[in-house]
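Structure record follows, encoded as structure tokens.
What follows draws every value from the coordinates through simple rules; no lab data is involved. Fair warning: this is a prediction, and the values are worked out from it, not measured in the lab. Here Cβ is always computed from backbone atoms with ideal geometry, including for glycine, and neighbour counts include all displayed protein chains.
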Amino acid sequence: MPVLSITGALSPLLAMDVLIYGDTQTSATMRHEVPLSIGDPFLYLEADGRRVVLTSTLEESRLADRVSDLECLLIDALGWDELRDEERSRAEIERELCLRAALSLRIDEAVIPPEFPVYLADYLRGAGVRLNPDEALFDERRRHKTAAEMAGIRRAAGVAVEAMGVAATMLREASIEGDGLYLAGELLTAERVRSSIRETCARAGAPAPAEIMVVASGPTGPIGHQEGHGPLPAHTPIEVDLWPQDEASGCWADMTRTFVRGTISDQVAEIHAIALEAHERACDGAVPGVTGTELHGLACDVFERAGYPTQRTKKHGQPLREGFYYALGHGVGLQVHEPPLLGRGEREPLIEGDVIAIEPGIFHPGVGGTRVEDLVLVSSDGLERLTGAFPYDLIP
């Protein structure tokens, strides 16, 4: 079994001691430090160059095998048996063990992520441990991807490309009957395409989320994260936005393409060309040091020059539902939406190694929407398009 080593996690990003509490299935902050799937919450500690987890013998051997620089502090050594004999509740025992673990590492002050449980923070503070929430610091730590995380992102991106190919093939092989699409004699629906995408992703070890995945069309909507329902039309833009998650690492990918099965109108071709131009401008500008606002502005320049509204031109207080009505994109890693964000007011500069989704698009009432999204790796040597192997053509 390969050993995963996270070197350099303590410096230069952090000089203070650290406490994190959670499980690795729901906490991206914890999963970054402990790259295993662990469903029960536990305490992670950093102090004096040591990385320690408070755990039981259930996880001890797996942690020791998989994370070379992580120490296991067993609950038995901190008085778990005695606390059980006192007939304390499970929650009371857990809080006391966490306090004893912190004190055993001589932690009297620590930085914590914003999702640190209030009930545990209150208990530690009541015992004299000073806790300092710092969201930006933990966001920055996660932006520095480990080798295992980057490998997982690349696997997920490869699965995304494969699944997009499945969707495109279904559309390409569909026959046009009137304004509808039929595949193998059956009406082709958004649900049917979505099901095939999910099956493809699951077989490849990167399941797509069950809650939402966009296969949407229509000249009057839907827009945004509306997943799309019912029969898919011919001669109309169909957006496919999918985000599989690599099972081994917990990391995500994200990509979008727009297809038309049938006749492509001049209006649809025009808005797609504008979206592609904005995409290229943003990709060319995605270098270390550029802020999210600046990158969003490069895309806005293209849309505004073509006469379309953007978040930059809309009136304050009024929602925008057409044109380039949303932000340019977001970071991707252990969450499908995470820092850095690419939009108005986002002044955090990109750094070497950021993985971001760049997804400009247009919604034109009466015509439909067209959007292009790639997952890209920011580098001083030039941007790498992790999903760029899939073409951008409207023809599936």
> Once the Cα atoms of helix 190-203 and of the chain are each reduced to a long axis, what angle between those two axes, in degrees from 0 to 90 to the nearest 10, is obtained?
Replying inline: 40 degrees
>> Output wanted: per-residue J couplings in Hz (rounded whole) for the range 152-166, from phi through Karplus 6.51 cos²θ - 1.76 cosθ + 1.60, θ = phi - 60°, x for Gly and Pro.
In response: x, 4, 5, 5, 4, 5, x, 5, 4, 4, 4, 5, 5, x, 5
> Looking at the square roots a ≥ b ≥ c of the eigenvalues of the Cα gyration tensor of the range 281-396, which shape do they give, rounded for a/c under 1.5, prolate if a/b is larger than b/c, or oblate?
Replying inline: oblate
> Whose amide H sits under 5 Å from the amide H of residue 232, counting only residues 5 or more places off or on another chain, with H placed in the peptide plane?
Replying inline: 181, 188, 189, 190
>> Between helix 266-285 and the chain, what is the angle of the helix's C-alpha long axis to the longest principal axis, kept within 0 to 90° and rounded to the nearest 10?
In response: 40 degrees
> In percent, what relative contact order does the chain have, based on Cα pairs under 8 Å that are 6 or more apart in sequence?
Replying inline: 14 percent
>> For residue 330, what residues show an amide H to amide H distance below 5 Å, using hydrogens built from the backbone and excluding near sequence neighbours?
In response: 342, 357
> Given N residues in the chain, what is Rg(Cα) / (2.2 N^0.38 Å)?
Replying inline: 1.13
> How large is ³J(HN,Hα), in whole Hz, for each residue of the range 303-317 in order, when computed from phi with the Karplus curve 6.51 cos²θ - 1.76 cosθ + 1.60 and θ = phi - 60°, using x for Gly and Pro?
Replying inline: 5, 5, 4, 7, x, 9, x, 9, 4, 6, 9, 5, 6, 4, x
> For the range 336-377, what does the alpha-carbon gyration tensor say about shape, rounded, prolate or oblate, given a ≥ b ≥ c as the root eigenvalues, a/c under 1.5 as rounded, and a/b over b/c as prolate?
Replying inline: prolate
> Which whole-angstrom value gives the distance between the alpha carbon centres of the range 225-269 and the range 95-143?
Replying inline: 42 Å
>> Apply the Karplus curve 6.51 cos²θ - 1.76 cosθ + 1.60, θ = phi - 60°, to the phi angles in the range 231-238 and return the couplings in whole Hz, x for Gly and Pro.
In response: x, 8, x, 7, 6, 9, x, 10
> Which value does Rg/Rh take for the range 281-335 over its C-alpha atoms, Rh per Kirkwood?
Replying inline: 1.01
> Which of 97, 308, 165 sits farthest toward the positive end of the charge dipole of the chain, with +1 on the Cβ of Lys and Arg and -1 on the Cβ of Asp and Glu?
Replying inline: 308
>> Once you order the gyration tensor axes a ≥ b ≥ c over the Cα atoms, which shape class does the range 18-142 get: rounded for a/c under 1.5, otherwise prolate or oblate by comparing a/b with b/c?
In response: oblate
